[in-house]
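Take a look at the structure set out below.
The values are calculated or read from the model by the stated rules, or taken from the named source; none is laboratory data. Bear in mind that the values here come from a model prediction, so they are computed numbers and not experimental data. Cβ: placed from backbone, ideal geometry, glycine included. Neighbour counts: every protein chain shown. The protein model used for the area step is the full one, side chains on, heavy atoms only, and it has no ligands, DNA or RNA in it. Shrake-Rupley method; radii C 1.70, N 1.55, O 1.52, S 1.80 Å.
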Amino acid sequence: MSTNIFEQRRDNLKRLLTDKGIPALLVSHAANRYYLSGFELHDAQCNESTGWLVVTADGDDYLFTDPRYTDAALKVWDEDKLFIYSANKFELVSNTLQGKGIKAMGVEPKALHLFDYDKLNERFTLQSTDNVVEELRIIKDEDEIRRMDASIALNHKLFEYIEGQLEPGKTEEQVAWEVEKFFRENGAEELAFSTIVGVGPNAALPHAIPGQDQLRENDMVLIDTGCRLEDYNSDQTRTFWVGDKQSDRFKETMDLVRAAQQAAIDIIRPGLSYLDAYKASYAVFEKAGVAAMFTHGLGHGIGLETHEPPSLSKAAKGTLKPGMVVTVEPGLYDAKWGGIRWEYQVLVTEDGCRIM
């Protein structure tokens, strides 16, 4: 991406900060940092930050990182606004920002360790914020949609390929490896998340961990997987039948799941509440007397992260807008039998939606 897009995004954030009365925002969430600067999409691990970005409402912006990332930072950030810390992290942040007149700022509590918060709180007046940058990220621009179309296209190719590899005797772990290998050999940068593979009753575990259980003749296997391509994630679930004699229950359950999915897709458009999208699928299951087997939300936003706003669930508040990308993934689960989930990524358009 050009540096201009990151500048535009920071300008959009500055207007939002001004509207909210927040003088500056310390961006510690990795995906938000990357969205605004192009610097490092990932942190090394949950307790090790690659760096902090500080965006002010009406002035310059500053990037703080450690010596391991100096060269990477210089590729996307002006040297005179880049600050490299080591053991002096908090002193450098404090002296730099306060020297620029910044004495108060918002923080992202979902991605800031309590240790860091306490240290910063000794030096600044801090204000907890919620999904400020995500308010911008929730609407995808044309280039983001192009990238997401490419990512989901590879996911479609994966499922076309993997269906032909599902043979009795192959383990869940082997299937998961074949999924990852296909993605990487076809241009993906990485998996979007650890691939879920569940055979038979394991398919009733929405986030099943692939193990040594083997695919069986005339039984189901659920695969939920995604890749990262051009920085953006895809996410799809398919439930396959291994063999040529689908059971009546499998066919009936699949029909219900697909009908519930279609009921939501039929009404997804700008102005529809997140809750109403969920209710459309839930109503199909409720009418069939199986709603208790639908144990999760209908879907979630996706982009730089696999799970990001919005959420389509019974607790969700908000309405769909053009440019949002959400998953639509109803499922039915029975621990003694198995489960079926079918997932599409859907782009909200000006007058409806498009399955990606």
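Do we find a residue being among the small types (Gly, Ala, Ser) and in a helix (DSSP H, G or I) anywhere in the stretch 35-42? Looking for residues that are among the small types (Gly, Ala, Ser) and in a helix (DSSP H, G or I), one finds at least one in the stretch 35-42, hence yes. Considering (1) crowded, with 21+ Cβ neighbours inside 10 Å; (2) within 23 Å of ILE302 (Cβ to Cβ), the lone condition that ASN12 does not fulfil carries the number (1).
If you go through the stretch 103-122 one residue at a time, do you hit one that is at pLDDT 95 or above, open to solvent by 70 Å² or more (accessible area, probe 1.4 Å) and polar (S, T, N, Q)? Yes - at least one qualifying residue is present in the stretch 103-122.
Screening LYS157 with (1) closer than 30 Å to PRO330 by Cβ; (2) not in a helix (DSSP H, G or I) gives one miss only, at (2). Among residues of the stretch 167-213 being surrounded by fewer than 18 Cβ atoms within 10 Å (Cβ to Cβ) and among the hydrophobic types (A, V, I, L, M, F, W, C), the one that is nearest to THR225 (Cα to Cα) is PHE193. Within the stretch 23-40, residues that are without any contact (Cβ under 8 Å) to a residue 60 or more places away in the chain and over 13 Å from PHE64 (Cα atoms) reach partners that are not acidic (Asp, Glu) and not in a loop (DSSP other than H, G, I, E, B) with beta carbons closer than 9 Å, at six or more positions or on different chains, in the pairs GLY38/THR3; GLY38/ILE5; GLY38/PHE6.
If you check every pair at least six apart or on different chains, which have Cβ atoms under 7 Å apart with a residue in the stretch 103-118 that is closer than 19 Å to GLU134 by Cβ and acidic (Asp, Glu) first and a residue that is part of a strand (DSSP E or B) and open to solvent by less than 20 Å² (accessible area, probe 1.4 Å) second? Correct list of pairs: GLU108/VAL27.
Counting only strands (runs of 3 or more DSSP E) wholly contained in the stretch 241-356, the ones carrying 3 or more residues that are buried (at least 18 other Cβ atoms within 10 Å of the Cβ), under 26 Å from the mean Cα position of the chain (by Cα) and not acidic (Asp, Glu) occupy 299-301, 308-312, 325-328, 331-334, 338-341, 344-348. Check whether at least one residue in the stretch 210-217 is touching a Ser or Thr at 6+ places or on another chain (Cβ under 9 Å), among the basic types (Lys, Arg) and in contact (Cβ under 8 Å) with a residue 40 or more places away in the chain, and report yes or no. So far as the stretch 210-217 goes, no, none of its residues is touching a Ser or Thr at 6+ places or on another chain (Cβ under 9 Å), among the basic types (Lys, Arg) and in contact (Cβ under 8 Å) with a residue 40 or more places away in the chain. Scanning the stretch 44-87 for residues that are assigned to a loop (DSSP other than H, G, I, E, B), open to solvent by less than 50 Å² (accessible area, probe 1.4 Å) and not aromatic (Phe, Trp, Tyr) yields a total of 7.
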